[in-house]
Amino acid sequence: MGVSWTWFTPFSLSLLLLAQLASSAVEDGLLNNGDFETTPTGGFASAAIGEGVASIPSWSMNGTVELVSFGQRQGGMILIVPQGEHAARLGNDAEISQTVQFEKGSQYAITFSAARTCAQMEALNVSVGSATQTIELQTLYSVEGWDAYAWGFQAADEEARLAFRNPGMEDDPTCGPIIDSIAIKKLFTPDRSDDNEVLNWDFEEGPWMFPNTSLGILLPTNLDEETSPLPGWTVESNRAVRFIDSAHYSVPEGKRAVELLSGKEGIISQMVQTTPNKQYNLTFTLGSAGDKCQPPLAVMAFAGDQAQNFHYSPVGNATSQAANLTFTARAERTRVAFYSVYYNMRSDDHSSLCGPVLDEVRVWGLSGAVGLSASGSKFIGLLMGLVVSWVLL
């Protein structure tokens, strides 16, 4: 059958172009003017812009919003601009928003940079439609004065408003967090393999990472694995863990891994499918990020009712080592979890939080009957071999 050229009419091409334009809004990477570097009408100014839809290109505003510039001072304080020359500061109850196109039902992650200014208890409320989370900014994880965060959600509609709001009310109405470098990424949950019950076992699927950012991405508390910015995994505690890349850190395998921070306050976990009373191995790779983290480094690993700590002690020039924990499943789903045993800081600034690196997490069932000794397993193997030989005869 020949090709029907009626599909390529100008009207059809127009529809195709519109579809491409609509889908371009959900491409991975920086949002429209997500770095606040597009020149506003009248040029950049250090004074507060105030309210107005067109004051910051591509963004709508409500309340006192200020475009701050690199090196700008407020009294004796230099305002932090995470990346580039400009960023946005949100005053009391101020909000910026942008309408974004999504694929309904798909999972996404928003990556953004944030810094505190003159308030001690600053926070950011991030929302897309009815999905929302407030991210506390009290803890500064790096000496740079800012951190990059990721927040995950499931798109309930094909179009929704992405909003950042400062929920604080300070005596100085201009006090509030500075935000910058806002990007989006559509997430995919990897399939579970036949020999590994752990989803996203190598951490290769996760939020957008800027190639010129060396601080990694903080993953704050998220108890819902369906909306996690790190598919398959949840962050159970009140402190974040760090998503790192091989371009800026030592990663045991592949391009991504997780650095565990803040001791017991930074727990990462996953519920895996298991068969009750069956014996399994939990194996993982323990490493150092190469970020001058002060030793000792150690991980506490949990699998069901088993727990064991593993100290980082590589052999020779190796930057990682394998670890193994054997457990017997008690239910159809078993929790595996990890946290850093110690509360580590970098040796070069004594302020930046760091910790051991986790990668290549596997849970796999042991072959043979549960609880058989090595000699018993060999005996059954010999017996099966004799049966097969008899059948072939």
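The values are calculated or read from the model by the stated rules, or taken from the named source; none is laboratory data. The structure displayed is predicted, hence computed values, not measured ones. FYI the Cβ positions are ideal-geometry reconstructions off the backbone, even for glycines, and counts take in every protein chain you see.
Residues are listed down the side, and each one gets a yes or a no for (1) touching a strand residue (DSSP E or B) at 6+ places or on another chain (Cβ under 8 Å); (2) surrounded by 23 or more Cβ atoms within 10 Å (Cβ to Cβ); (3) at negative phi:
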| site | (1), (2), (3) |
| --- | --- |
| Ala240 | yes, yes, yes |
| Phe243 | yes, yes, yes |
| Glu253 | yes, no, yes |
| Gly266 | yes, yes, yes |
| Thr275 | yes, no, yes |
| Gly316 | no, no, no |
| Ala322 | yes, no, yes |
Problem - Test: Ala163 is in a strand (DSSP E or B), on the phi < 0 side of the Ramachandran plot, surrounded by fewer than 21 Cβ atoms within 10 Å (Cβ to Cβ) and at pLDDT 95 or above - result: yes
Fill in the blank from the handout: Note on Ala150: of the conditions (1) aliphatic (A, V, I, L, M); (2) farther than 26 Å from Asn344 by Cβ; (3) not in a loop (DSSP other than H, G, I, E, B), unmet is (2)
Exercise for the section: Tell me which of these Trp208 doesn't satisfy, since it passes every other one: (1) under 21 Å from Thr132 (Cα atoms); (2) without any contact (Cβ under 8 Å) to a residue 60 or more places away in the chain. Expected result: (2)
Practice task
Take region 166-194 and flag every residue that is under 30 Å from Gln273 (Cα atoms) and either modelled with pLDDT of 90 or more or in a strand (DSSP E or B) (or both).
Solution key: Lys185, Lys186, Leu187, Phe188, Ser193
Fill in the blank from the handout: When region 202-212 is checked residue by residue, the ones that are under 9 Å from Ala148 (Cβ atoms) and surrounded by fewer than 18 Cβ atoms within 10 Å (Cβ to Cβ) are none
Exercise for the section: Out of the residues in region 344-366 that are within 20 Å of the chain's Cα centre (by Cα) and in a strand (DSSP E or B), state the one that is farthest from Ser193 (Cα to Cα). Expected result: Leu353
Completion exercise
Screening Ser113, Ser106 for residues that are buried (at least 22 other Cβ atoms within 10 Å of the Cβ), under 24 Å from Arg161 (Cα atoms) and under 24 Å from the mean Cα position of the chain (by Cα) leaves only Ser113
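Conditions tested, residue by residue: (1) aromatic (Phe, Trp, Tyr); (2) at pLDDT 95 or above.
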site	(1), (2)
Ala301	no, yes
Tyr312	yes, yes
Gly316	no, no
Thr319	no, no
Glu332	no, yes
Ser352	no, no
Val363	no, yes
Exercise for the section: Give region 116-133 a look and list any residue that's loosely packed, with under 14 Cβ neighbours inside 10 Å and touching a strand residue (DSSP E or B) at 6+ places or on another chain (Cβ under 7 Å), or say none. Expected result: Thr132
Problem - Residue tally, condition within 14 Å of Phe284 (Cα to Cα), part of a strand (DSSP E or B), among the hydroxyl-bearing types (Ser, Thr, Tyr) and within 25 Å of the chain's Cα centre (by Cα), over region 308-339 - result: 2
Fill in the blank from the handout: Of the residues in region 134-160, those that are crowded, with 17+ Cβ neighbours inside 10 Å and either touching a Cys at 6+ places or on another chain (Cβ under 6 Å) or over 19 Å from Phe210 (Cα atoms) (or both) come to Ile135, Leu137, Phe153, Gln154, Ala155, Ala160
Exercise for the section: Could you tell me whether Gln101 is surrounded by fewer than 18 Cβ atoms within 10 Å (Cβ to Cβ), touching a residue at least 40 places away in the same chain (Cβ under 8 Å) and more than 17 Å from Gly216 (Cα to Cα)? Expected result: yes
